[in-house]
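Engineer: Got a structure for you, written out below as structure tokens; questions coming shortly.
The values are calculated or read from the model by the stated rules, or taken from the named source; none is laboratory data. Keep in mind that this is a model prediction, so the values were computed, not measured. Cβ coordinates were reconstructed from backbone atoms using ideal geometry, including for glycine residues, and neighbour counts include every protein chain displayed.
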Amino acid sequence: MNTQNLNAPSTYFLTPVSDHVETHTLSVIVDNEPGVLARVIGLFSGRGYNIDSLTVSETEHETHLSRITIVTTGTPMIITQIRHQLDRLVPVHRVVDLTARAQKAGQEKPLERELALVKVKGSGEKRLEALRLGDAFRASVIDAATDHFTFEITGRTSKIEQFITIMRPLGLVEVSRTGIAAVQRGGDGI
């Protein structure tokens, strides 16, 4: 971490500058109306920011509010800029950096889970091995035939990635993932 000091009397140049890239999970509460998701995503694409994961669903039916969970990467300055720019959008009610809140509370991360459907095609020993590994990962078989089966697996992204990697040599055919759903730890809401 380095600090900028351009011999200027302004305190703006005395703030620490970090070029360390971090991954953050943001929770954005928005009006559930047409075009809101496009505006939020447009903010990212228009500035060249990447979205690693995106989930959206109406969470408060009476008030027609939706929750957008976005996982993105950037320097601390970029993450702060993203938060402030999201907060300025008209249909946005709240923006919460779940990762920053977890770190402030002394926790590593917020509670994050992902669901994946993993289709595997195989027979004989490979089929038995895939079913055995699926059981070890607590994956449920939700569709099966004599030549293929589909697992449903829920967990952290690292668990999903590991399961997919293990299934690849056993006949992996297709993967569909939901993206991350996240909440902060503890009894408080956002």
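Engineer: For region 114-190, give me every one of the strands (runs of 3 or more DSSP E) that falls completely inside it and has 2 or more residues that are more than 16 Å from the chain's Cα centre (by Cα) and without any contact (Cβ under 8 Å) to a residue 24 or more places away in the chain.
Structural biologist: Details: elements: 140-144, 148-155, 172-177, 181-183.
Fully inside region 114-190 and qualifying: 140-144.
Engineer: In region 113-122, which residues are in contact with a Leu (Cβ under 9 Å, 6 or more places away or on another chain) and modelled with pLDDT of 95 or more?
Structural biologist: In the first step, residues of region 113-122 are kept if they are in contact with a Leu (Cβ under 9 Å, 6 or more places away or on another chain); the result is 118-122.
Hits for region 113-122 are V118, K119, V120, K121.
Engineer: If I filter region 55-72 for residues that are small (G, A, S) and in contact (Cβ under 8 Å) with a residue 40 or more places away in the chain, do I get at least one hit?
Structural biologist: Looking through region 55-72, none of the residues is small (G, A, S) and in contact (Cβ under 8 Å) with a residue 40 or more places away in the chain.
Engineer: Looking at (1) of a type outside the set (V, I, T); (2) buried (at least 18 other Cβ atoms within 10 Å of the Cβ); (3) more than 30 Å from L26 (Cα to Cα), which one does A181 not meet, given that it meets all the others?
Structural biologist: (3)
Engineer: Contact list please: Cβ distance under 7 Å, first residue in region 83-100 and touching a residue at least 12 places away in the same chain (Cβ under 8 Å), second residue acidic (D, E) and buried (at least 17 other Cβ atoms within 10 Å of the Cβ), pairs at least six apart or on different chains.
Structural biologist: These pairs meet every condition: R83/D97.
Engineer: Go through T75, T80, T59, T63 for me and flag whichever is farther than 17 Å from I180 by Cα and surrounded by fewer than 14 Cβ atoms within 10 Å (Cβ to Cβ).
Structural biologist: T63
Matching residues to (1) surrounded by fewer than 18 Cβ atoms within 10 Å (Cβ to Cβ); (2) aliphatic (A, V, I, L, M); (3) modelled with pLDDT of 95 or more; (4) touching a Gly at 6+ places or on another chain (Cβ under 9 Å):
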residue	(1), (2), (3), (4)
D87	yes, no, no, no
D97	no, no, yes, no
A102	no, yes, no, no
E108	yes, no, no, no
G124	yes, no, no, no
R127	no, no, no, yes
D135	yes, no, yes, no
